[in-house]
Amino acid sequence: MSDLEDFNLQAHFKKYTEWLEQRLGSHKSALLISKHIHFFEEISDLLIKQALSYTVLLHRLRPSGIRKYLLPMQWLSTVHNLQIDIQAKEYCSEIDQLNKLVNSCSESLFSSQILQDYYKVLIKRVDGGKISIRSARLAMKPAAALMFQVSKSRFDMPQVWHIKHYLSEHPGQATSLIGFIVFLKKSYGVNLSYSFIKKSNFLKAARNHKLEREILKLISIPEESFDLLRWVKVCLRYFHKLNTVHCMEIQLSMINDIDEGLVINFRKENYWIPKRSIFVVYKG
């Protein structure tokens, strides 16, 4: 405890170590003590002044720090009656993820300025109650990915082929990307059409190509790494056009193995898909 100079802070840490030992035993707690000293150092002023609050801790440590120091946080909650604010934690986490996306391009590039400007628009809508912070983060995700792609080219603004390439990999981001393109047209006057995105044939082809790549990837992985449930979900989306949300409901108990393939009983319907082994044998 030599790193904790304040007497009151030492007392807090001693009580924590006693609590931790009762919870985990002497051996496991001894392995964690050196790591958790840093937690007490980071919030030393709050403990000394007895000014603990979850909001202050959240802004000090960020959600990543809260996750890193889960046991000390549990101690504060149990012993010091610290009230956990789940909504504040989720908001802070979304903000951190949003900022990470905004700063995904080098500051020296024009792409970075575009993302900063888009961030201001989104945050203004959040502050105005028009969208949630999560919606802002989801809107920024394709914008950041697209501008990162553009930053690696000789262009300052996205071109049609940039968008088509991105959507070929992420067809589910089409709606969010349209919002970003509208922003670019309004803010920078770019002459960029997005009518092709609204054409179902383009997105249908993009989704099929992505699923085909996923199927090929699942065929090529070693047997010990093969995920049957993943195979079933991808095949149901590809062969039967089930949407992603419905496929999340699929469970192993719904899968029946027959000679010709697999039959999935889902919502009173039977869906046939091929076994992976058919493709593996054919490939060999």
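The values are calculated or read from the model by the stated rules, or taken from the named source; none is laboratory data. What you see is a predicted model; the values in this text were computed from it and never measured. Please note: Cβ atoms are built from the backbone with ideal geometry, for glycine as well, and neighbour counts cover all protein chains shown.
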*Does segment 259-282 hold any residues that are under 17 Å from Glu249 (Cβ atoms) and modelled with pLDDT under 90, and which are they?*
Arg267, Lys268, Glu269
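With respect to Ser220, determine if the residue is under 27 Å from Ala145 (Cβ atoms), outside the structural domain of Lys152 (by TED's automatic domain parsing) and not aromatic (Phe, Trp, Tyr). Can you show your working first?
Numbers: under 27 Å from Ala145 (Cβ atoms): yes; outside the structural domain of Lys152 (by TED's automatic domain parsing): yes; not aromatic (Phe, Trp, Tyr): yes.
Criteria met by Ser220.
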*Has segment 17-27 got at least one residue that is part of a helix (DSSP H, G or I), in contact (Cβ under 8 Å) with a residue 24 or more places away in the chain and of a type in the set (Asp, Glu)?*
no
*Among residues belonging to segment 38-79 that are part of a helix (DSSP H, G or I) and polar (S, T, N, Q), point out the one that is surrounded by the most Cβ atoms within 10 Å (Cβ to Cβ).*
Ser44
_Among residues of segment 168-196, those that are assigned to a helix (DSSP H, G or I) and under 19 Å from Leu115 (Cα atoms), counted_ = 16
*Could you list, in sequence order, the residues of segment 116-169 that are of a type in the set (Phe, Trp, Tyr) and out of contact with any Phe, Trp or Tyr (no Cβ under 6 Å at 6 or more places or on another chain)?*
Tyr119, Phe148, Phe155, Trp161, Tyr166
*Just need a number here: residues in segment 80-111 that are more than 15 Å from Ile43 (Cα to Cα) and outside any helix (DSSP H, G or I).*
11
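Results for (1) in the same structural domain as Met147 (by TED's automatic domain parsing); (2) within 30 Å of Arg134 (Cα to Cα); (3) among the small types (Gly, Ala, Ser); (4) at pLDDT below 90, shown as yes or no for each residue.
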| residue | (1), (2), (3), (4) |
| --- | --- |
| Met1 | no, no, no, yes |
| Trp19 | no, no, no, no |
| Gly25 | no, no, yes, no |
| Lys35 | no, no, no, yes |
| Asp45 | no, no, no, yes |
| Val102 | yes, yes, no, no |
*For segment 153-163, does any single residue satisfy the condition of being assigned by TED's automatic domain parsing to the domain that holds Glu269, of a type in the set (Asp, Glu) and out of contact with any Gly (no Cβ under 7 Å at 6 or more places or on another chain)?*
no
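Out of segment 105-159, which residues are of a type in the set (Ser, Thr, Tyr) and either touching a strand residue (DSSP E or B) at 6+ places or on another chain (Cβ under 6 Å) or closer than 18 Å to Gly189 by Cβ (or both)?
Quick first cut of segment 105-159, residues of a type in the set (Ser, Thr, Tyr) only: 106, 108, 111-112, 118-119, 132, 135, 151, 153.
Listed by number, the residues that qualify are Ser111, Tyr118.
Go through segment 126-146 and report how many residues are in a helix (DSSP H, G or I) and exposed (fewer than 15 other Cβ atoms within 10 Å of the Cβ). Please lay out each step first, then the result.
Within segment 126-146, the subset in a helix (DSSP H, G or I) is 126-127, 133-146.
Then drop every residue that is not exposed (fewer than 15 other Cβ atoms within 10 Å of the Cβ), which leaves 127.
Number satisfying all stated conditions: 1.
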*Being surrounded by 18 or more Cβ atoms within 10 Å (Cβ to Cβ) and within 25 Å of Cys92 (Cβ to Cβ), is that true of even one residue in segment 166-173?*
yes
